[in-house]
Amino acid sequence: MSFKNFENTLESEIVMRYIRTLLFILFFMFMSVTSFAAEKAAPASAAKGTPQAEATFDDPLGRSTPQGAVVGFLKAMQRENYEQAVDYLDTRQTGKRAQQLSLELHHVLDQGLTVSATDLSSKPEGNLNDGLPVHREIVGIVKTKKGEYKILLERIQKENNPPVWLFSSETLNQVPRIYEEIDIPWLERQLPAVLAETRLAGMPLYRWILPVLMIPLAFLFGWLCTALLFALMRERLRHHLDEQALMKISRIKNPLVLLFSAGAIYVFSLGSVSLLGRLFWAFVASTAAVIGLTWVFIHLIEIMARIIEKRRPKAANAIIRLSATLFKALTIVVGLVIVFYYFAGINLTAVVAGLGVGGIAVAFAAQKTIENFLGGVFLVWDKPIRLGDFCKAGEHQGTVEHIGLRSTQIRTLNRTIVFIPNGQLSSISVENFTLRDRFLFRYTLNLRYETTADQLRYIIVQLRELLYGHPRVDSTSAYVRFIGFGQSSLDVEIFAYIIETAQGPFLAIREDLLLRIMDIVESGGSGFAFPSQTLYMAKDGGLDDNKGREATQAVQRWREQGELPFPDHVPEKVRQLDNTLDYPPKGSVT
């Protein structure tokens, strides 16, 4: 292997180390999120007597889950549907007294309760790991100047109806006291009466005005923070990166603006005077933060891929591009899992079951596409071929120019481009000529039948010495043998490996060996047989008697002196002959 090939291989290995490290980080993130989601999706059953998950009952008012009960009550109060709001209370009071109780509870929840939508269980059995009885669920804690109060839900079954979640009677008994201890919000005391008392769709007018002002201010805050951050980073990065790299990093500005804006919206949600508003804006801020982080990761993966492409060999570009695409897809999947489960409250078990059924249909419809995609992945990781390799795939032979997600492009010897699907390429035998460490030199000489045994011995000895003495031939594996009598020739096999990896130098070495072989055959007084019948109409000149007599005398002399090199040369003689010939031949232009 040449130093250049070794260097390219070493650089490719370094690239793969970077890729494996990034893949491990993203895979760890994905497995952490999915495993934690699965842990939350399946109720704990280790404790004795803990019930298993139940089938969801779709209560018309949404009271089948704790989250649905709280959100349904808040929406009913927002619509000023007090009669429906009473249906969420476990109370014996009726009429005006029950409606007044719902108003006080709504005020308590709005002004004193701090809760996130993700803290409320979306399962019919509730959160079984909160240390409370299985039929109770905590919504949150209201803090006043005189103490703290727990807001509880209780699962109640009336008559033959399915069980539903209601605000517990214990909590409702404390609501009037909590209501008296909670002050009017500071913001409402400062606003004009027209903004605090005028209602639109069940909400004070100022609650509609605040989001209109808050959203532009949040994005302005995000833009200012991003501009300040890049101003500080640019001075430090200028010493390590060029202008082109800085321009690529500047593409992260938009997702960073979204991230800082999400933080501002979340801070606003904490100061919202409406619990339903706090739940909504917390959901918006959390979703925007996840989208921003996902966006940032996608840009970072792209920037890292381009930096590695610039510093590594061009042959590794296909691996880097394919790996970057896989990392981006994995990042998007992780972001979707977080949004769907933690913020949207979607049951992943049902989603996975639905995807399983739909996935079967998609798998049949896109079978070839999936096969080609996976084939491309296997080509990247197993590396049977790389960019620039000369190979033979099936009936096609040429140089690999591109390895894509669907197909691989090979430039044939006719200078045409062949597109081979990756699925097909991964299932057929591929011969990579670039990866070989030496060339095979193997021929069968067909000598004329007029050649005598001693002449044949002479030629074989000279051929062996040629292979042993040539500096570009591996003498340890070389051999020359008389292998049989052909129909019109005496057959001598020559086998050797030429120590060369490039096609051009190999052709020159092979040419030199073949010419030297012709000289040896001629010097032994023999010639090459023709695979045909010859009718001699004149006197045949025959073979050279003098050269044949000299060859016979040389063999006789070896025999008399005990130096006949059959069945082979002695190792000492091989060592003496090793690398003794001139190559390139003396007098050549090189």
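Any read-out appearing in this document is the output of simple, stated calculations on the displayed coordinates, not a laboratory observation. As the structure is a prediction and not an experimental result, all values here were calculated from the model. All Cβ positions, glycine included, derive from the backbone under ideal geometry; neighbour counts span all protein chains shown.
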Distance in nm between pseudo-label sites at Arg448 and Asp545 (7 Å out along the Cβ direction from Cα): 1.5
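Please give me the summed charge of the neighbours of His106: other residues whose Cβ is under 13 Å from its Cβ, Lys and Arg +1, Asp and Glu -1. Present the calculation step by step, with values, prior to reporting the outcome.
On the way: positive: Lys75, Arg79; negative: Glu80, Glu104, Asp110.
In short, -1.
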If Rh is defined by the Kirkwood formula over all Cα pairs and Rg also comes from Cα, what ratio Rg/Rh do you get for the range 439-577? 1.00
Cα centroid separation - the range 449-517 against the range 320-337, whole Å: 57
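Considering Cα pairs under 8 angstrom that are at least six residues apart, work out the relative contact order of the range 439-577 and quote it in whole percent.
Values: 181 pairs, mean separation 43.8, N = 139.
Answer for the range 439-577 is 32 percent.
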Over the range 66-183, what relative contact order in percent results from Cα pairs under 8 Å that are six or more residues apart? 28
Going highest first, how would you order 508-515, 169-176 by mean Cβ packing within 10 Å? 169-176, 508-515
Ranked output for segments 557-565, 87-95, 67-75 by mean other Cβ atoms within 10 Å, highest leading, reads 67-75, 87-95, 557-565
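Determine the shape class of the range 66-183: with a ≥ b ≥ c the square roots of the Cα gyration tensor eigenvalues, call it rounded for a/c under 1.5, and otherwise prolate if a/b is greater than b/c, oblate otherwise.
Details: a/c = 1.56, a/b = 1.12, b/c = 1.40.
The shape class here is oblate.
Contour minus end-to-end for His396 and Asp582, with contour as 0.36 nm per residue of separation and end-to-end as the Cα-Cα distance?
Details: separation 186, 0.36 × 186 = 66.96 nm, distance 3.88 nm.
Length gained, His396 through Asp582: 63.1 nm.
Could you please rank Met77, Met518, Met247, placing first whichever residue has the fewest other Cβ atoms within 10 Å of its Cβ? Intermediate results must be reported in sequence, preceding the final value.
Values: Met77 24, Met518 13, Met247 10.
Ascending number of Cβ neighbours within 10 Å: Met247, Met518, Met77.
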